[in-house]
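Data first, discussion second: the structure below is written as structure tokens.
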Amino acid sequence: MSNPPPSTVLPGLRFKQRFPLLSLIAERFVLSLLLLLAVSILIFGGLEALPGDFATTYLGQSATPQAVANIRTELGLDRPVTTRYFEWLGNAVQGDFGTSWASKNSVSEQIAKRLGNSLFLAAFAALISVPLAVGLGMLAVHFRNRLPDKIINVISLAAISLPEFFIGYLLILFFGVKFGIATFPATVYDGMDFVDRLKAIALPTATLVLVVLAHMMRMTRAAILSVMSSAYMETAELKGLGAFRSIVKHAAPNALAPIINVVALNLAYLVVGVVVVEVVFVYPGMGQYMVDAVTVRDMPVVQACGLIFAAVYILLNMVADTLAIVANPRLRHPR
């Protein structure tokens with residue numbers, strides 16, 4: 001069947017044919033926005049479906065129905081759910097998450113302080129874990145089926161099997177209590193010296209590194225092993241290129257797409273998964289802020305934290321997809 005003449009091709013299809021790379025990236029962006037919209041509906045609707053409300057929790061069981069009704073009217077809880085959702089979503093798009101029901105402070109201002117702490121912790125953990133995971137993965141491939149590879153695999157399996165809160169408590173027990181060489185709790189504040197801040201986050205950073213390192217390392221090893229039997233690897237060996245150098249120069253770049261994906265997914269976990277680690281180490285970040293809000297049913301704070309966590313996770317996944325597309329030479333150089 002012959003292709004239609006150029007004049008009859010739809011503009012969108014013509015753009016997709018001429019710019020496949022940009023088209024795929026645009027599709028990922030639109031899908032990410034739609035997914036974030038769906039998540040916002042789930043967050044708002046899920047919290048609305050929970051039994052009880054803030055007014056009863058705030059006033060106590062002995063509160064009169066009139067007092068509860070007054071609080072609900074003051075907070076706008078007597079209005080239709082759809083009206084409140086669209087108002088909340090419109091304000092959230094502008095960066096306004098409302099006022100905390102419990103503290104009466106601006107949620108956006110509180111999040112701005114705590115989000116910086118969470119990002120600092122996640123960034124420092126990523127700075128250590130990503131190069132270490134990629135390096136250990138290549139090392140495991142170089143010594144595959146030998147003692148170093150087996151040791152790395154056993155340690156990574158043990159790390160994957162342990163939940164982050166258990167690893168955190170072990171680190172606190174040994175390095176914070178018995179040996180006294182690390183700071184606990186992990187308290188940071190505005191104006192704190194950079195070196196002191198690094199000392200304060202040593203234990204939560206180590207916990208996050210141990211949690212994500214094993215998964216990234218194993219996926220890096222698997223991705224590189226999948227290309228080791230390729231013809232160009234045999235050619236590199238026949239040319240006399242050293243085994244480890246051929247891994248670094250030829251195998252790793254060709255396994256880049258799956259490595260980028262797994263690294264980005266683990267970076268997303270570092271930001272979103274800090275909730276448990278922050279609670280364990282009493283770290284003043286987004287996770288701790290969200291847990292504190294849940295205990296008093298402070299819905300504006302919970303909604304804001306949930307939406308920001310979802311946005312960061314979706315954004316990093318979109319970045320992972322985009323980088324994987326860019327790393328694909330067939331899309332970079334279409335025929």
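Yes or no, residue by residue, for (1) surrounded by fewer than 14 Cβ atoms within 10 Å (Cβ to Cβ); (2) in contact with a Gly (Cβ under 7 Å, 6 or more places away or on another chain); (3) at pLDDT below 75:
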| position | (1), (2), (3) |
| --- | --- |
| Leu47 | no, no, no |
| Pro51 | yes, no, yes |
| Thr56 | no, no, yes |
| Gly60 | yes, no, yes |
| Thr64 | yes, no, yes |
| Ile71 | no, no, yes |
| Thr83 | yes, no, no |
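Give me the residue from the range 190-201 that is touching a residue at least 40 places away in the same chain (Cβ under 8 Å) and assigned to a loop (DSSP other than H, G, I, E, B) and, out of that set, nearest to Val282 (Cα to Cα).
In the first step, residues of the range 190-201 are kept if they are touching a residue at least 40 places away in the same chain (Cβ under 8 Å); the result is 190, 197-198, 201.
So of that shortlist, the ones also assigned to a loop (DSSP other than H, G, I, E, B) come out as 190, 201.
On the way: Asp190: 16, Ile201: 11 Å.
Across the range 190-201, the extreme among qualifying residues is Ile201.
Among the listed residues Ala186, Ala200, Ala214, identify the single one that is crowded, with 19+ Cβ neighbours inside 10 Å, touching a helix residue (DSSP H, G or I) at 6+ places or on another chain (Cβ under 9 Å) and more than 24 Å from Leu136 (Cβ to Cβ). Step through it out loud before you land on a result.
Details: Ala200 fails: touching a helix residue (DSSP H, G or I) at 6+ places or on another chain (Cβ under 9 Å); Ala214 fails: more than 24 Å from Leu136 (Cβ to Cβ).
Answer to the check: Ala186.
Find the residue count for the range 292-327, including only residues that are among the β-branched types (Val, Ile, Thr) and either at pLDDT 85 or above or outside any helix (DSSP H, G or I) (or both). Give the derivation first.
Quick first cut of the range 292-327, residues among the β-branched types (Val, Ile, Thr) only: 294-296, 301-302, 308, 312, 314, 319, 322, 325-326.
Applying the additional criterion that residues be either at pLDDT 85 or above or outside any helix (DSSP H, G or I) (or both) yields 296, 301-302, 308, 312, 314.
The total comes to 6.
Take Pro131 and tell me if it is within 24 Å of Val312 (Cβ to Cβ) and in contact with a helix residue (DSSP H, G or I) (Cβ under 7 Å, 6 or more places away or on another chain). Talk me through it step by step, then tell me what you get.
Values: within 24 Å of Val312 (Cβ to Cβ): yes; in contact with a helix residue (DSSP H, G or I) (Cβ under 7 Å, 6 or more places away or on another chain): no.
Judged against the criteria, Pro131 is not a match.
For residues in the range 278-313 being under 20 Å from Ala126 (Cβ atoms) and of a type in the set (A, V, I, L, M), which is least open to solvent (accessible area, probe 1.4 Å)?
Met286
Report the residue count in the range 145-180 for those that are surrounded by 11 or more Cβ atoms within 10 Å (Cβ to Cβ), at pLDDT below 85 and over 24 Å from Ala133 (Cβ atoms).
1
Which of (1) touching a residue at least 12 places away in the same chain (Cβ under 8 Å); (2) open to solvent by less than 70 Å² (accessible area, probe 1.4 Å); (3) farther than 28 Å from Val227 by Cβ does Ser106 not meet, given it meets every other one?
Result: Ser106 passes all but (1).
Of the numbered conditions (1) open to solvent by 10 Å² or more (accessible area, probe 1.4 Å); (2) in contact (Cβ under 8 Å) with a residue 40 or more places away in the chain; (3) part of a helix (DSSP H, G or I), Val275 fails exactly one; give the number of that condition.
(2)
The values are calculated or read from the model by the stated rules, or taken from the named source; none is laboratory data. All values reported here derive from a predicted model rather than from experimental measurement. All Cβ positions, even for glycine, are placed from backbone atoms using ideal geometry, and neighbour counts span all protein chains on display. SASA here: full protein model, heavy atoms, side chains in, ligands and nucleic acids out. Shrake-Rupley method; radii C 1.70, N 1.55, O 1.52, S 1.80 Å.
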